[in-house]
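Read through the structure below, which is laid out as structure tokens, and then see the notes.
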Amino acid sequence: MNAQVAPDPQELIIEAAERLLATDGPQKSTVRAITEAAGVNVAAVNYHFGSRDGLMTAICARHMRPANNLILERLQQVDRAQGTVSVKAIFAPLVSTALTVWMHDDVLKGLRDFIFVDAELVQKLNVTEMSDVYQQMQDALTEACLTLAPEQVRRRFSFAMATIMQVVRSHEFKRAPDEAGLIEDLLTYVAGGFAADTGEKER
């Protein structure tokens with residue numbers, strides 16, 4: 001007779017937190033509610049994840065890292081030679097992922113909604129999971145937009161990301177009748193912020 005394998009407490013906690021984030025949102029996804037749903041002691045979150053923020057970071061990685069790895073792969077394939085790269089091509093991997101993957105993930109929506117109750121946590125999640133993607137995009141943009149100073153690139157990149165995430169939030173769970181058209185329009189809009197001083201007509 002095979003002995004039963006005890007459930008992994010980490011997995012129980014993550015699954016309980018994901019359910020609460022997806023169904024009840026961040027305000028009800030407290031450590032106490034999560035541990036009650038997981039059937040573990042309150043101290044288990046600190047023991048396994050270091051803190052509530054550590055737990056949310058683990059969940060964020062679980063839902064974002066596979067897509068982020070694909071974004072990085074696609075960014076590495078962008079031709080960054082002077083005069084051949086387009087701003088649209090740099091933003092395309094992220095925008096496509098944002099509107100076809102992140103936007104329809106209920107758990108990620110719950111994590112994004114933390115901005116209304118804990119903006120500091122959202123910033124931590126961005127730094128943890130998006131820093132490599134953001135850095136590679138900004139490096140490519142610096143090469144593409146030769147008339148912009150690096151600080152201008154960083155500032156405009158920040159504006160562009162705020163615009164993209166606002167579109168994600170405003171369209172969540174409302175599948176666009178023309179999702180491809182929405183992606184193209186957003187890419188054109190975002191790229192315009194960089195093209196203005198380059199004299200380059202985005203293609």
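The values are calculated or read from the model by the stated rules, or taken from the named source; none is laboratory data. Just so we're clear, the structure is a prediction, and the values are computed from it rather than from any experiment. Because the Cβ atoms are built from the backbone with ideal geometry, glycine has one as well, and the counts that use them run over all protein chains shown.
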Out of 77, 27, report the one residue that is more than 30 Å from residue 180 (Cα to Cα) and surrounded by fewer than 19 Cβ atoms within 10 Å (Cβ to Cβ).
-> 27
Find the residue count for the stretch 6-24, including only residues that are buried (at least 18 other Cβ atoms within 10 Å of the Cβ), of a type in the set (D, E, K, R) and either more than 20 Å from the chain's Cα centre (by Cα) or not in a helix (DSSP H, G or I) (or both).
-> 0
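Consider residue 36 carefully, then state whether it is part of a helix (DSSP H, G or I), at pLDDT 95 or above and within 25 Å of residue 119 (Cβ to Cβ). Before the answer, list the steps.
On the way: part of a helix (DSSP H, G or I): yes; at pLDDT 95 or above: yes; within 25 Å of residue 119 (Cβ to Cβ): no.
In short, no.
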Quick one: in the stretch 30-46, which of the residues that are free of Cβ contacts under 8 Å to residues at least 24 places away in the same chain and not hydrophobic (A, V, I, L, M, F, W, C) is surrounded by the fewest Cβ atoms within 10 Å (Cβ to Cβ)?
-> 32
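If I ask for residues that are part of a loop (DSSP other than H, G, I, E, B) and more than 18 Å from residue 52 (Cβ to Cβ), which ones from the stretch 92-141 would you list? If you could, list the steps in order and put the result at the bottom.
Residues of the stretch 92-141 part of a loop (DSSP other than H, G, I, E, B): 101, 105, 117-118.
Across the stretch 92-141, the qualifying residues are 101, 105.
Can you tell me which residue is farthest from residue 104 (Cα to Cα) among those in the stretch 164-178 that are modelled with pLDDT of 85 or more and surrounded by 14 or more Cβ atoms within 10 Å (Cβ to Cβ)? Spell out how you get there, then give the answer.
Just the residues of the stretch 164-178 that are modelled with pLDDT of 85 or more, to begin with: 164-168.
When the remaining residues are screened for being surrounded by 14 or more Cβ atoms within 10 Å (Cβ to Cβ), the result is 164-165, 167-168.
Values: 164: 15, 165: 13, 167: 13, 168: 9 Å.
For the stretch 164-178, the residue satisfying everything is 164.
If I filter the stretch 134-144 for residues that are within 10 Å of the chain's Cα centre (by Cα), surrounded by 17 or more Cβ atoms within 10 Å (Cβ to Cβ) and within 30 Å of residue 14 (Cβ to Cβ), do I get at least one hit? Outline the logic, then answer.
Quick first cut of the stretch 134-144, residues within 10 Å of the chain's Cα centre (by Cα) only: none.
The answer is no, given that none of the residues of the stretch 134-144 is within 10 Å of the chain's Cα centre (by Cα), surrounded by 17 or more Cβ atoms within 10 Å (Cβ to Cβ) and within 30 Å of residue 14 (Cβ to Cβ).
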Among the listed residues 191, 160, which satisfies the condition of being under 21 Å from residue 108 (Cβ atoms), at pLDDT 90 or above and assigned to a helix (DSSP H, G or I)?
-> 160
